[in-house]
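None of the figures in this text is laboratory data; all of them are computed from the coordinates on show. This is a predicted model, so every value here is computed, not measured. Cβ: placed from backbone, ideal geometry, glycine included. Neighbour counts: every protein chain shown.
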Amino acid sequence: MASTEVTRLLKLPLRDGDYLVDPSVVLAPMAGITNAPFRELCREQGAGLFVSEMVTARALIERREETFRLMKPGAGEWPRSVQLYGTDPNVMRAAVEMIGKENLADHIDMNFGCPVPKVTRKGGGAALPYKRRLFAQIVKSAADAAKPFGIPVTVKMRIGIDSDHHTYLEAADSAVQAGVVWVALHARTAAQMYESKADWSAIANLKDYLRPTGIPVLGNGDIWSGQDGVRMMRETGCDGVVVGRGCLGRPWLFKDLVNSFNGSTERYLPTLFEVREVMWRHGQLIVEYFESEDRGCKDLRKHMAWYLKGFRVKQELRRQFGMIGSLNEFRLLLDQLEDQPYPIEVGEKPRGRTSHGRPPTLPDGWLNDPDEIAHLESEDAFSGG
């Protein structure tokens, strides 16, 4: 059998030297999901780069307590990667300077891919690259502010707003000129949200477009297994993959990705008892993270359906998992599960957000003039989901 190994090197140029992202796999920032406990679970399963959930530039410079919690790395976590969101070049510059002066992160990823209405209605997330001059100013402000501290800046974006307004090629070119070290593309438009198949041909187009610059391109969208990651890199020529919804309730996906990228056909298919112990560890970590058993258990509830997807679990027991209020209660419920093989026919199907496409919510007149320097309503001074 021919080897499936992919050996493209992805480097992150940090202050103290290059960090080799090996395999070239990045955990996508997901609001309300990729906090330190979840990142730790993923790190324990495999290698790569693991990015925090989104923090807003305004919340950071206002020194909101919850924002600092979101940025706090897990035990032994390095490099410290944070995703930063903002719609004002001056606020973005101030936030990046603060990160550098106070040594809060080693790498900054900028969020221009979020399609949810509460973000796009203010011109942020996936809506912002359409205003190309404003987009260029924001990215350049961040990259310029990060440079004296040796902090690399990357960007993550979507194909565009909808099928009539693609922005990714021009936005990527602008980002490269501003000084980013790689560009990640979620191969859907904002209008698609998370529906239908990701258009991997757009990743290939972007790779071809940026090839003369030498800037790496990462692909995102529909990575449900280790082999999906290998296939994306082979079909698109991209330099790495970004994994989001595929690892919800499946942090061991990173183990599969390591195996696949190294040319192994070995699969990690945990039994329900093995999944049970990952769930328990998640619970312990998240209670410690929030310093509150009540808050930690409430946050854990949303993960239960993802962990149990495809397994034969009685409906009443599933309902109780969705209402856990303490670690003792959680352990008692876990001990009621009956061991069984991993349901591969269901486990590697889409999970997480499956929002149907819809016209994106945008500020009035947003599509009238892409060269307009829009003066946007300030982003929320709150981070996370």
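Once both axes come from the Cα atoms, what is the angle between helix 132-146 and the longest principal axis of the chain, in degrees from 0 to 90, rounded to 10?
Value to nearest ten degrees: 70.
Taking the chain as a Gaussian network, where each spring joins two C-alpha atoms under 10 Å apart, which residue of 28, 57, 191 fluctuates the most?
The residue with the greatest mean-square fluctuation here is 191.
Does anyone have the angle between helix 168-178 and the longest principal axis of the chain? Alpha-carbon axes, 0 to 90°, nearest 10?
Taking Cα atoms only, the helix is inclined about 70 degrees.
Which of the pairs 156/302; 72/122; 11/207; 122/298; 118/207; 11/147 have their Cα atoms more than 20 Å apart in this structure? Don't skip to the answer; put the middle values down first.
Details: 156/302 25 Å; 72/122 27 Å; 11/207 16 Å; 122/298 29 Å; 118/207 31 Å; 11/147 17 Å.
Over 20 Å Cα-Cα: 156/302; 72/122; 122/298; 118/207.
For the range 272-341, count the residues as N, evaluate 2.2 N^0.38 Å, and divide the Cα radius of gyration by that value, please.
Ratio of Rg to 2.2 N^0.38 Å for the range 272-341: 1.02.
What number do you get for the range 1-139 when its Cα radius of gyration is normalised by 2.2 N^0.38 Å, N = residues?
Details: Rg = 16.1 Å, N = 139, 2.2 N^0.38 = 14.3 Å.
Rounded to two decimals, the normalised Rg is 1.12.
I'd like the FRET efficiency for residue 318 and residue 177, computed as 1/(1 + (r/R0)^6) with the beta carbon distance as r and R0 of 45 Å, rounded to 0.05.
The computed FRET efficiency comes out at 0.35.
Ranking request for peptides 292-304, 262-274: highest mean number of other beta-carbon atoms within 10 Å first, then the rest in descending order.
Output ranking for 292-304, 262-274: 292-304, 262-274.
Antiparallel DSSP bridges in the range 10-261: what percent, to the nearest 5? Present the calculation step by step, with values, prior to reporting the outcome.
On the way: 7 of 36 bridges.
DSSP beta bridges in the range 10-261 are roughly 20 percent antiparallel.
Kindly state, to the nearest 0.05, the FRET efficiency for residue 9 paired with residue 144, given R0 = 25 Å and r defined as their beta-carbon distance.
On the way: r = 27 Å, r/R0 = 1.08.
For R0 = 25 Å, the calculated efficiency reads 0.40.
In the range 196-316, how does Rg compare with the Kirkwood Rh, expressed as the Rg/Rh ratio over alpha carbon atoms?
1.08
Once the convex hull of the C-alpha atoms of the range 221-278 is built, how many Å³ does it hold per residue, rounded to a whole number?
74
Could I have the simple spin-label model distance between residue 368 and residue 164, label points 7 Å from Cα toward Cβ, reported in nm to one decimal?
1.6
So if I restrict to the alpha-carbon atoms in the chain, what is the Rg, and what is Dmax, the biggest pairwise distance, in Å?
20.3, 60
Using only the alpha-carbon atoms, how far is helix 272-290 inclined from the longest principal axis of the chain? Give it as 0 to 90 degrees, nearest 10.
Between helix and principal axis, roughly 50 degrees.
Once R0 is set to 30 Å, what does the formula 1/(1 + (r/R0)^6) return for the Cβ-Cβ distance between residue 298 and residue 78, expressed as a FRET efficiency to the nearest 0.05?
Values: r = 30 Å, r/R0 = 0.99.
Using R0 = 30 Å, I get an efficiency of 0.50.
Using helices alone, I'd like the mean residue ellipticity at 222 nm for the chain: each DSSP H run of four-plus residues gives -39500 (n - 2.57), total over residue count, nearest 500.
Computed mean residue ellipticity for the chain: -11500 deg cm²/dmol.
Going highest first, how would you order 69-79, 117-127, 237-247 by mean Cβ packing within 10 Å?
In decreasing order of mean packing, 69-79, 117-127, 237-247 become 237-247, 117-127, 69-79.
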